[in-house]
Amino acid sequence: MQGCPWRCHYCHNPHLIPRRKVAGEITWQQALEHLLKRRGLLDAVVFSGGELTIQPALLPAMQQTRTLGFRNGLHTGVPQLRRLTPLLPYLDWVGLDIKALPSDYELIATNRRAGLDSWAAIDALRTAGVDFECR
């Protein structure tokens, strides 16, 4: 998905940073139609992109995929913990992008506060019982 609030100097997906529509974009409806055809063949959907937690439609999308019988995964750096919390009941796995020690986040992600929320996500995931790996 498109959009990221950070501007990490080493970003390997800089084309996903701006929150704008891009040519050839796949709509959620198209993705959902594809998933409907793959029921019984696929086990899970992994939401990835820029930074997914800034997408207002992420929670309803996870609810839909769960209703269809898919497990949900998420790649995120958790720039704001308050956006991760409502997703926890619908998550089975998270690839958590820990960029630095909290005090060094501003150097990497151009946002000092982000490090605190990213590191706090570790405890939130543990408490919720969601499998995760830090990267």
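Every number in this text was worked out from the coordinates using simple rules, so none of it is lab data. Bear in mind the structure is a predicted one, so any value in this text is a computation, not a measurement. Methodologically, a virtual Cβ is constructed for each residue, glycine included, from the backbone with ideal geometry; neighbour enumeration extends over all protein chains shown.
Taking amide hydrogens as modeled 1.01 Å from N in the peptide plane, which residues meet the under 5 Å criterion relative to residue 4, leaving out close sequence neighbours?
19, 51
Give me the net charge for the shell around residue 59: Cβ to Cβ below 13 angstrom, other residues only, Lys and Arg +1, Asp and Glu -1.
Net charge in that neighbourhood comes out at +3.
As I understand it, the value is the acute angle between the Cα axis of helix 112-128 and the longest principal axis of the Cα atoms of the chain; what does it come to in degrees, rounded to 10?
50 degrees
Taking a spot 7 Å from the Cα of residue 25 along the direction of its beta carbon, which residues of the range 44-60 have an amide N less than 11 Å from it?
Zone members listed by number: none at all.
Return one number: the angle in degrees, 0 to 90 and rounded to the nearest 10, between the long axis of the Cα atoms of helix 28-37 and the longest principal axis of the Cα atoms of the chain.
On a 0 to 90 degree scale, this one is about 50.
Which FRET efficiency value, to the nearest 0.05, do you get for residue 13 and residue 103 by plugging their Cβ-Cβ distance into 1/(1 + (r/R0)^6) with R0 = 25 Å? Intermediate results must be reported in sequence, preceding the final value.
On the way: r = 25 Å, r/R0 = 1.01.
Efficiency, rounded to the nearest 0.05: 0.50.
Suppose only helical runs count, i.e. DSSP H with n ≥ 4. What mean residue ellipticity at 222 nm does that imply for the chain under -39500 (n - 2.57) per run, divided by all residues and rounded to the nearest 500 deg cm²/dmol? Intermediate values should be presented prior to the final figure.
Values: 5 runs with 46 residues, N = 135.
Calculated from helices alone, the mean residue ellipticity at 222 nm is -9500 deg cm²/dmol.
With angles folded into 0 to 90 degrees, how steeply does helix 58-67 sit against the dominant principal axis of the chain? Use alpha carbons for both and round to 10.
Helix 58-67 sits at roughly 40 degrees to that axis.
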